[in-house]
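Remarks on the structure that follows.
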Amino acid sequence: MTKPKPLDGSAGGGAIESFLAQADAYAGRGDVKAAVSYYQAALKASQQATPADPALRSRLEASAGYVRRTAEAYMAALHSVVGGVTQGTRLSHAVDLLTRNRELFLSEPSVFYFPYLANRQFFERSEFDWAPALEAETAAIKAELETVLAEGADFQPYVEDDADRPRREFHGLHGDASWTALYLWRDGKPVPENATRFPRTMTALEKVPMTHIGAKTPSVLFSKLTPGAHIPPHRGMLNCRVIGHLPLIVPDGCWLRVGNETRYWEEGKLLIFDDSFEHEAKNDSGETRIVLLFDIWRPELTDTEKAGISDIFDTIDRFTTISDA
């Protein structure tokens, strides 16, 4: 790497001294923003060449200290504004985004975007009046699951090939037994051979506002991750529905990241999230993790909008070819 050339006080050095002089003047008048701007300009100019004058180098070091202290004071002032606000609120997250302590993620579904919905990664259990009743059924649902597991449940790889479509790669997980599913509803219809084995579960789901989107949903399944299994970052198809997880068998160390927030599954406590955000999951334990997974309508949608979305996907499902005529 070529070392910066020393400045002799001519063009480069003169520019630095000019910036420093203006910065000092603004600092003396208490105009911190202007002073920082000129100090930063001087520091940037000095990166192109190392000043030969020790006094000038000392002034640059002092300038860097001024910029650093100002930045620290700015951060402290911003955080003091939300000091009494509960962390995790929109206000505290706004400051985190402003100060770049939080990365911005946006809803970007892979197929269908419904406009003007809030960008929300997680929804809280308390927002859904049906949630307590479903959570109250956790023990009964888990008992049915354990019975079927003992009988030899037919879990299949979650990522499967479609005989009528070319393979679309998904992180090499096609046919992978580390992430598997046992469906109760699939492609908008109950799976009779499985549904009959989970009567209590099926009854508990009747009060859940599951989506009905063309021939795509509802989709209800037990999702299993083996020890160490990792579902890489990806995005779901739609932002007009959200995904619910009812954790049933959850050893310590199993997590779900949606956008810039990571949460851990807890048995019997719903996690509800928008999978149109980038998300990933991992079983960082030595035991199997199983959740009951289902999809529900975004709560903001009207009945007319829900019907319209379903009609759109009915049309998509009927569409088979493009004619050039």
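The values are calculated or read from the model by the stated rules, or taken from the named source; none is laboratory data. The shown structure was predicted, so the numbers you read here are calculated from the model rather than taken from an experiment. Methodologically, a virtual Cβ is constructed for each residue, glycine included, from the backbone with ideal geometry; neighbour enumeration extends over all protein chains shown.
Laid out as a table, the results:
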quantity: Residue match in the range 196-204 (condition: among the hydrophobic types (A, V, I, L, M, F, W, C), surrounded by 14 or more Cβ atoms within 10 Å (Cβ to Cβ), in contact with a Ser or Thr (Cβ under 8 Å, 6 or more places away or on another chain) and modelled with pLDDT of 95 or more); calculated: no
quantity: From the options D303, D275, D295, residue that is touching a residue at least 24 places away in the same chain (Cβ under 8 Å) and more than 14 Å from the chain's Cα centre (by Cα); calculated: D295
quantity: The range 176-208: number of residues that are in a loop (DSSP other than H, G, I, E, B), touching a residue at least 12 places away in the same chain (Cβ under 8 Å) and either more than 22 Å from W265 (Cβ to Cβ) or β-branched (V, I, T) (or both); calculated: 4
quantity: Among the candidates E108, E103, E72, residue that is among the charged types (D, E, K, R) and assigned to a helix (DSSP H, G or I); calculated: E72
quantity: Failed condition for S80, given (1) part of a helix (DSSP H, G or I); (2) surrounded by 12 or more Cβ atoms within 10 Å (Cβ to Cβ); (3) not basic (K, R); calculated: (2)
quantity: Qualifying positions in the range 273-300 - out of contact with any helix residue (DSSP H, G or I) (no Cβ under 9 Å at 6 or more places or on another chain) and part of a strand (DSSP E or B); calculated: F273, H279, E280, A281, K282, N283, R289, V291, L293, D295, I296
quantity: Residue list for the range 264-282, filter: of a type in the set (K, R) and out of contact with any Lys or Arg (no Cβ under 8 Å at 6 or more places or on another chain); calculated: K282
quantity: Condition broken by D252, with the remaining ones in (1) touching a residue at least 40 places away in the same chain (Cβ under 8 Å); (2) over 23 Å from D154 (Cβ atoms); (3) assigned to a loop (DSSP other than H, G, I, E, B) satisfied; calculated: (1)
quantity: Meets criteria (within 24 Å of R100 (Cβ to Cβ) and either over 12 Å from the mean Cα position of the chain (by Cα) or not polar (S, T, N, Q) (or both)) for E280; calculated: yes
quantity: Unmet requirement for G88, which otherwise passes all of (1) within 45 Å of the chain's Cα centre (by Cα); (2) at pLDDT below 75; (3) on the phi < 0 side of the Ramachandran plot; calculated: (3)
quantity: Sole exception among (1) within 27 Å of the chain's Cα centre (by Cα); (2) surrounded by 13 or more Cβ atoms within 10 Å (Cβ to Cβ); (3) of a type in the set (A, V, I, L, M, F, W, C) for V36, by number; calculated: (1)
quantity: Top-ranked residue of the range 215-239 - restricted to ones that are in contact with a Gly (Cβ under 7 Å, 6 or more places away or on another chain) and either surrounded by 15 or more Cβ atoms within 10 Å (Cβ to Cβ) or not hydrophobic (A, V, I, L, M, F, W, C) (or both), ranked as modelled with the lowest pLDDT; calculated: K216
